[in-house]
1. How many angstrom lie between the Cα centre of region 231-247 and the Cα centre of region 16-54?
2. On full extension of the chain, what length is gained from residue 129 through residue 261, given 0.36 nm per residue of separation minus the C-alpha to C-alpha distance?
3. Which order, highest average first, do 115-123, 303-311 follow once you tally other Cβ atoms within 10 Å for each residue and take the mean per peptide?
4. In nm, to one decimal, how far is the residue 99 label point from the residue 275 one, both placed 7 Å along Cα→Cβ?
5. Could I have the simple spin-label model distance between residue 63 and residue 11, label points 7 Å from Cα toward Cβ, reported in nm to one decimal?
6. Just rank 89, 15, fewest to most, by other beta-carbon atoms within 10 angstrom.
7. Quick one: if you stick a label point 7 Å off each Cα along the C-beta vector at residue 314 and residue 239, how many nm between them?
8. Between residue 36 and residue 109, what's the calculated FRET efficiency when r is the beta-carbon distance and R0 is 35 Å? Round to 0.05.
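Just so you know, all these numbers are worked out from the coordinates, no wet-lab data involved. Note that this is a predicted model, so its numbers are computed, not measured. Note that we place each Cβ from the backbone using ideal geometry, even for glycine, and neighbour counts take in every protein chain shown.
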């Protein structure tokens, strides 16, 4: 269970101990068996959109290779590089060779207009599943929040990522500066109803989803959307896919509207990963299948902890 802790001023908190954390699985407090701060080597899937729509940003993206090797991966880290447009291409298998990683990113080629984001994320999850269990598993996506033509469903991808302890971080690219957004997007104010539920009845003749509910209210509850996506793995998710992926796995979404803001966003991801706490527990006193809600608390007052909101266990044979 990876977790990141900030103080009231937004600075990372690096001096907590095992006794400072509490974990609840479906409301039942669990015993933290193992505790680690940073430390474990990282296996990372770097997923980059190469569609012609982000052509103007490719020169800036090609310069980020050294940031991944020197700032993000850390000692003992390895990475695979996956590019996508109308096709998903594994451009580099897992390696700890800095030159190879930097070269794969430096040599990214512009592709077609398509954007098979969900298929690319599915490829990344499948690749990370085979990494040793003692490694931290991370996806960093540089992409627009758009999917077209994928066979994979986002909810199933996130369900698989949660089961494999994979965190998704996103650097949200923008082919236009018309949509100016803040430096990071996380869950908004707490909703009046539990995550994955709705405060209003469905509109006549519609199937109620967090997407349709958001259109009616004008307000998107990203946490509820992330939980709903995992619970309804085969349902289409069209709104805010990158933010949903990050919140569902405990990662961070950062929007960039200029190429100069891509590098600071990657720096921030590196800072978080090297300030990350890893908590391990064995679920007891809870059901075995279905969706499990996780809540992580820290005892020192005034601190904020971010972790994934839960995980889904499929029934045997599914």
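1. 19
2. That works out to 44.4 nm of additional length.
3. 115-123, 303-311
4. 3.5
5. For residue 63 paired with residue 11, the spin-label model returns 3.0 nm.
6. Starting with the residue having the fewest Cβ neighbours, the order is 15, 89.
7. Distance between the two pseudo-spin positions: 2.8 nm.
8. Details: r = 39 Å, r/R0 = 1.11.
Once the sixth-power term is evaluated, E becomes 0.35.
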